[in-house]
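Here is the structure we will look at, set down as structure tokens.
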Amino acid sequence: MALSRVVLALWIYSSWLGVCWSAGPSVKSPVYVQEGEAAELSCTYLTKGDPKFTLEWRYAPPGVPAIQAKDVLYYDGQLYKQQLWDSRMSLLQYPPSNGVASLRIQKVRLSDAGIYICDVKTPSDWTNSGRGLINLTVLTPPSWPVCQLTGKTYVGNDVTLQCQSATGNPRPIYAWSRTNHQVLPQNAVTDQISGSLVLRNLSISLAGTYTCTASNEYGRTACSLTISVSYVGTAGVVGGAVMGVFLVLLLLGALVACFLWRRKRRSSNKLQNGQRQVNGDPAEVYLTGTSESPRSKLPQDSKDPPGLKGSQFSPLV
């Protein structure tokens with residue numbers, strides 16, 4: 001009786017285990033791999049050696065629903081791979097019809113992260129058919145951050161120094177420091193998540209170089225920013241006054257030049273008019289200036305006989 005109970009218990013346990021195995025392929029998820037290394041996506045299943053067995057691997061990038069995943073590998077007696085993955089993707093066991101459908105990706109890239117679907121179909125045993133989802137996460141060191149400054153670096157102002165890496169998984173942590181082992185001011189506000197540093201009430205002593213370091217478990221990178229602090233009153237007022245005086249002098253010079261040019265032009269016009277009157281036709285000048293004509297000065301033919309001359313003082317006898 002006791003033996004029969006043990007046998008019954010073992011049968012029930014084995015039956016339960018078989019049901020668990022018959023729920024489709026078994027996968028391991030999530031999978032974490034560092035950029036540049038190889039990733040193994042495990043997918044195993046129970047098989048009865050069905051000649052119509054098929055295997056399909058699909059991929060969906062982050063943010064894309066699994067239902068929109070696209071084929072990257074297919075096997076139905078022959079192996080087909082997407083050209084983009086051809087040189088880096090392979091099966092751990094070939095052919096994959098003996099219970100192992102695991103996939104290997106060589107030299108993993110950041111763009112390889114996402115959801116992978118292992119889809120097994122065995123027409124003679126639908127209980128062992130199904131699909132499994134694997135979430136692949138690619139771990140990368142922070143990319144080189146970019147340092148930026150927001151605000152005017154005048155005495156008494158507040159400015160913000162910003163540092164941010166475009167990529168990095170896990171998310172980088174940011175830390176600010178000053179060169180030459182100088183400590184940050186006590187009223188400075190830092191944020192390790194956003195990478196910001198707020199400097200309040202600037203003074204000349206806060207001028208210098210500030211360095212931001214982005215780091216995670218897989219590496220660290222940094223960028224630097226140099227700021228100079230000045231007095232806005234001295235520089236701004238003096239510069240504005242000099243510019244104003246220069247513009248006024250320039251305007252006065254232009255007015256004086258215009259006045260002199262117009263005066264000179266009027267004098268030149270008067271002189272030209274006078275020369276035209278003096279250098280005119282002599283005959284016209286004479287005729288217009290006297291009551292006699294030149295012909296009255298010339299000798300005229302006399303009606304007196306030759307040899308006789310008349311005089312108003314001695315009449316002819």
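The values are calculated or read from the model by the stated rules, or taken from the named source; none is laboratory data. Note that the coordinates shown come from a computational prediction; the quantities given were computed from them, not determined experimentally. Virtual Cβ from ideal backbone geometry, glycine too; neighbours counted across all protein chains shown. The protein model used for the area step is the full one, side chains on, heavy atoms only, and it has no ligands, DNA or RNA in it. Shrake-Rupley method; radii C 1.70, N 1.55, O 1.52, S 1.80 Å.
Could you list, in sequence order, all residues of segment 185-225 that are under 14 Å from residue 159 (Cα atoms) and of a type in the set (A, V, I, L, M)?
Correct list: 188, 189, 197, 198, 199, 202, 204, 206, 207, 225.
I'm trying to understand the selection: among the residues of segment 47-73, which are more than 24 Å from residue 32 (Cα to Cα) and surrounded by fewer than 17 Cβ atoms within 10 Å (Cβ to Cβ)?
Going residue by residue through segment 47-73, those that are more than 24 Å from residue 32 (Cα to Cα) are 47-54.
48, 49, 50, 51, 52 - these are the residues of segment 47-73 that are more than 24 Å from residue 32 (Cα to Cα) and surrounded by fewer than 17 Cβ atoms within 10 Å (Cβ to Cβ).
Residue 86: of a type in the set (Asp, Glu) and open to solvent by less than 70 Å² (accessible area, probe 1.4 Å), yes or no? Show your work before the answer.
Values: of a type in the set (Asp, Glu): yes; open to solvent by less than 70 Å² (accessible area, probe 1.4 Å): no.
For residue 86, the condition - of a type in the set (Asp, Glu) and open to solvent by less than 70 Å² (accessible area, probe 1.4 Å) - is not met.
Can you confirm whether segment 171-192 contains a residue that is open to solvent by 80 Å² or more (accessible area, probe 1.4 Å), under 22 Å from residue 137 (Cβ atoms), of a type outside the set (S, T, N, Q) and in a loop (DSSP other than H, G, I, E, B)?
Within segment 171-192, one or more residues are open to solvent by 80 Å² or more (accessible area, probe 1.4 Å), under 22 Å from residue 137 (Cβ atoms), of a type outside the set (S, T, N, Q) and in a loop (DSSP other than H, G, I, E, B).
Confirm whether residue 129 is closer than 30 Å to residue 60 by Cβ and either surrounded by 13 or more Cβ atoms within 10 Å (Cβ to Cβ) or of a type in the set (Gly, Ala, Ser) (or both).
Judged against the criteria, residue 129 is a match.
Just the residues that are over 25 Å from residue 35 (Cβ atoms) and hydroxyl-bearing (Ser, Thr, Tyr), please, taken from segment 183-210.
Taking segment 183-210 as the starting set, the residues that turn out to be over 25 Å from residue 35 (Cβ atoms) are 183-191, 196-210.
Of everything in segment 183-210, those that are over 25 Å from residue 35 (Cβ atoms) and hydroxyl-bearing (Ser, Thr, Tyr) turn out to be 190, 196, 203, 205, 209, 210.
State which residue pairs qualify: first residue within 13 Å of residue 194 (Cα to Cα) and open to solvent by less than 60 Å² (accessible area, probe 1.4 Å) and inside segment 139-164, second residue assigned to a loop (DSSP other than H, G, I, E, B) and hydroxyl-bearing (Ser, Thr, Tyr) in any location, beta carbons under 7 Å apart, and separation of 6 or more residues or different chains.
Filtered contacts from segment 139-164: 145/165.
Mind checking which strands (runs of 3 or more DSSP E) fall wholly inside segment 122-168 and carry at least 2 residues that are in contact with a strand residue (DSSP E or B) (Cβ under 8 Å, 6 or more places away or on another chain), at pLDDT 95 or above and closer than 30 Å to residue 232 by Cβ? Don't jump to the end; show me each part of the working.
On the way: elements: 130-139, 146-150, 159-164.
Correct list: 146-150, 159-164.
Which one is surrounded by the fewest Cβ atoms within 10 Å (Cβ to Cβ) among residues in segment 195-206 that are touching a residue at least 24 places away in the same chain (Cβ under 8 Å) and in contact with a strand residue (DSSP E or B) (Cβ under 8 Å, 6 or more places away or on another chain)?
Only one residue fits best here, namely 200.
Please state which of the following conditions residue 270 fails to meet, knowing it meets all the rest: (1) at pLDDT below 70; (2) under 30 Å from residue 151 (Cβ atoms); (3) open to solvent by 90 Å² or more (accessible area, probe 1.4 Å); (4) of a type outside the set (A, V, I, L, M).
Of (1) at pLDDT below 70; (2) under 30 Å from residue 151 (Cβ atoms); (3) open to solvent by 90 Å² or more (accessible area, probe 1.4 Å); (4) of a type outside the set (A, V, I, L, M), only one is false for residue 270: (2).
Filter segment 183-210 down to the residues that are closer than 15 Å to residue 228 by Cα and touching a Phe, Trp or Tyr at 6+ places or on another chain (Cβ under 8 Å) and list them by number. Step through it out loud before you land on a result.
First, pick out the residues of segment 183-210 that are closer than 15 Å to residue 228 by Cα: 199-210.
Hits for segment 183-210 are 202, 210.
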